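Read-outs throughout are calculated quantities, based only on the coordinates presented, and are distinct from any laboratory measurement. Keep in mind that this is a model prediction, so the values were computed, not measured. In this analysis, Cβ positions are derived from the backbone assuming ideal geometry, glycine residues included, and neighbour counts consider all displayed protein chains.
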Amino acid sequence: MITDDLSEFAAALPPFGALAGLDLGTKTIGVAVSDTMRGVASPIETVKRKKFTLDAEALLKIIRARDVKGIVLGLPKNMDGTEGPRAQSTRAFARNLAQLTDLPMGFWDERLSTVAAERALLEADTSRRRRAEVIDHVAAGFILQGALDRLRHIKGGFDG
């Protein structure tokens, strides 16, 4: 199941269990995972993109190891709210991934998540080289945390 509606996504989830957040880039995929109570998103790693089958294999390995119950994908909308080629690419990735897993998938508007991640890393006085290494999974953390905060307020989601 893939949905733009976070209420539908929440309804498809079990009451507890980690969620994964993905920040899909053209060269990398940032990955973040929540705790089982879905309170806090933690950036965990960046997967270097190769081709879809290898990318999906790497992601599903992480997802299985962490017993993830649902996936939140950052949807890169334009600042005016429209969807361009990157958003379409993200939707295609989700459709292909859905062929390999039964986990529910929801989209989260990721506008400014990379900007927020960059700002947080600058405030933490992170070196330029280190920022380049971690920016994608830190952005995935911002995407997932935004969705977790919203899910907390959705009836049919989970208690929090």
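Worth pointing out:
- With the simple spin-label model, which puts each label point 7 Å out from Cα in the Cβ direction, the Ile2 to Arg64 separation comes to 2.2 nm.
- Length gained when the stretch Asp102-Thr53 is fully extended (0.36 nm per residue, less Cα-Cα span): 16.0 nm
- Residues whose placed amide H lies under 5 Å from that of Trp108, excluding near-sequence neighbours: Leu73, Gly74, Leu75
- Whether segment 14-82 is rounded, prolate or oblate, judged on the alpha carbon gyration tensor where a/c under 1.5 counts as rounded: oblate
- Stretching the chain fully between Ala124 and Asp149 yields a gain of 6.7 nm (0.36 nm per residue, less the alpha carbon separation).
- The number of Lys pairs in segment 1-81 with C-alpha atoms less than 16 Å apart, excluding pairs fewer than 8 positions apart on the same chain, is 7.
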